Each structure stands twice: as structure tokens, then as C-alpha cells.
Amino acid sequence: SAVISQKPSRDICQRGTSLTIQCQVDSQVTMMFWYRQQPGQSLTLIATANQGSEATYESGFVIDKFPISRPNLTFSTLTVSNMSPEDSSIYLCSGGRGWGMNTEAFFGQGTRLTVV
Amino acid sequence: DAKTTQPPSMDCAEGRAANLPCNHSTISGNEYVYWYRQIHSQGPQYIIHGLKNNETNEMASLIITEDRKSSTLILPHATLRDTAVYYCIAPHNNDMRFGAGTRLTVKP
């Protein structure tokens, strides 16, 4: 199994500012994903973080708002830009070696973001 | 992803088996079925996955029907700590999308 660490675990931010969330995996993984989970809701996929190239974003999420980096196979960052209260949510990182390859993915404990 | 359908909530008595169903009638032949759970305020926890055969590990058993259109996750002796939201997922093309899941409440 892989251990996924996220930092920070929580933060309270002023509207209009940006926050960068870090995700570190303790072993090399092929796939890394970023999710958002709003209170009482299921997880929503934001994007797939691709190593060395631009992330692949899901409908409703754009690079200007959620820039993602993945410089190597064990690390990725998600930035929430120009925050508003609607961005208050839990942001989760996930990593694995690929779903169709009979392997599982693992999740970090999430970053609880409150925008005031 | 193949669309999955789960009941929104279930109750189970402590010590009894919890059987959580999932329908995935549009699943493709090479798509695995994964189960995760999320205990309040924590990240999702991997439970088990399978393709065709039934699977068992230290946490649970996964029973997949022969036509692969549905599956059941079995927690053999549910405890209060198993209270969580359980997600059944059939990812496709390497992306993992979560449905609403089943909120399992284990009662004393």
C-alpha cells in the first residue's frame, strides 16, 4: 500500500487569496488525482495530475482556478486561486498505479479549507 | 466509468453481517469493481476490489454475480467502527469517479 500525505491538513483563508496544497506519496505511482468534497456530499474529481505535462481537468474545473503541478512520480500540488467562500471544502489527493491494472489507489486525509 | 447504483442508507446490528449491494449493469468486461469507505472527516479507505471472481481479505468479502452486473460487499461481523459511507466504483480509462454511496449505520 501507499501512504499519501497532504499539507496543510486545514486552513482558514481570506477571500481573494490563494492556497497551495501539497501531496506527497511514499512510493512511485502512475496516477495522481485531485478531488473536492463539499459538506455532506460525495467526492468530485477535479483533475488528473500528469507528470511533466498539463493536468487533465474535469468539466467545471479550469486551470486558471485550480492550477496543478506534478514534477515527479511522488509529488503534486493543487492551488486554489482567488478564493471565495464557495471554495470552502475538503480537497483530497489520491494516487495509484492505474485502475485497470488490478491495483488500488490510496487517499490522503484531505485538506479542510475554509474561506472567510 | 460504469454507472453504479447503491441504496442511500442501510442499518446493521453490531456483530451481524452487513451486506451492501451495488448495481453496475453497464460495466465492461475489463472494468474492476472497487469498494471504498469514508469514515467521517477522513479520506476514503480502500476495502477490496475484484473483476470476476469473489474476493476476500481481512476487511471484507466481495461477491460479484456471474454476469458482473451487480456485486455485494460483505462485512462479516460489523462493529460500531464500521459506520461509514461505502462507495462502489467501476472505473474506466484510469479515472475514478465517486457516486453518492451507501451510508451504513451499525447499531448496538
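At-a-glance table
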read-out: Odd one out for B:Ala18 among (1) surrounded by 16 or more Cβ atoms within 10 Å (Cβ to Cβ); (2) in contact with a Ser or Thr (Cβ under 6 Å, 6 or more places away or on another chain); (3) over 29 Å from A:Ser59 (Cα atoms); value: (2)
read-out: Wholly enclosed strands (runs of 3 or more DSSP E) of region A:66-116 bearing at least 3 residues open to solvent by less than 10 Å² (accessible area, probe 1.4 Å) and within 14 Å of chain B (Cβ to nearest Cβ); value: A:89-96
read-out: Matching residues, region B:21-59, being surrounded by 13 or more Cβ atoms within 10 Å (Cβ to Cβ) and charged (D, E, K, R); value: B:Glu31, B:Arg37, B:Glu55
read-out: Residue match in region B:50-63 (condition: among the β-branched types (Val, Ile, Thr) and farther than 25 Å from A:Gly95 by Cα); value: yes
read-out: Conditions (1) touching a residue at least 12 places away in the same chain (Cβ under 8 Å); (2) open to solvent by 20 Å² or more (accessible area, probe 1.4 Å); (3) in contact with a strand residue (DSSP E or B) (Cβ under 6 Å, 6 or more places away or on another chain); number of the one not met by B:Ile63; value: (1)
read-out: Residue check for B:Leu62: over 19 Å from A:Ser42 (Cβ atoms) and at the interface with chain A (Cβ under 10 Å from one of its Cβ atoms); value: no
read-out: Enumeration of residues in region B:1-51 that are of a type in the set (D, E, K, R), assigned to a strand (DSSP E or B) and touching a Lys or Arg at 6+ places or on another chain (Cβ under 9 Å); value: B:Asp11
read-out: Flag for A:Arg10 being within 14 Å of chain B (Cβ to nearest Cβ) and among the charged types (D, E, K, R); value: yes
read-out: Qualifying residue in region B:83-94 (condition: in a strand (DSSP E or B) and more than 15 Å from B:Gln6 (Cβ to Cβ)); value: yes
read-out: Among (1) open to solvent by less than 10 Å² (accessible area, probe 1.4 Å); (2) modelled with pLDDT under 95 - the single one B:Leu73 does not satisfy; value: (2)
read-out: Lone qualifier among B:His92, B:His77 - being within 12 Å of chain A (Cβ to nearest Cβ) and touching a residue at least 24 places away in the same chain (Cβ under 8 Å); value: B:His92
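The values are calculated or read from the model by the stated rules, or taken from the named source; none is laboratory data. Since the structure is predicted, the reported quantities are computational estimates derived from the model, not experimental observations. Glycine also receives a Cβ, built like all others from the backbone with ideal geometry; neighbour counts cover every protein chain displayed. With ligands, DNA and RNA removed, areas are computed over all heavy atoms of the protein, side chains included. Shrake-Rupley method; radii C 1.70, N 1.55, O 1.52, S 1.80 Å.
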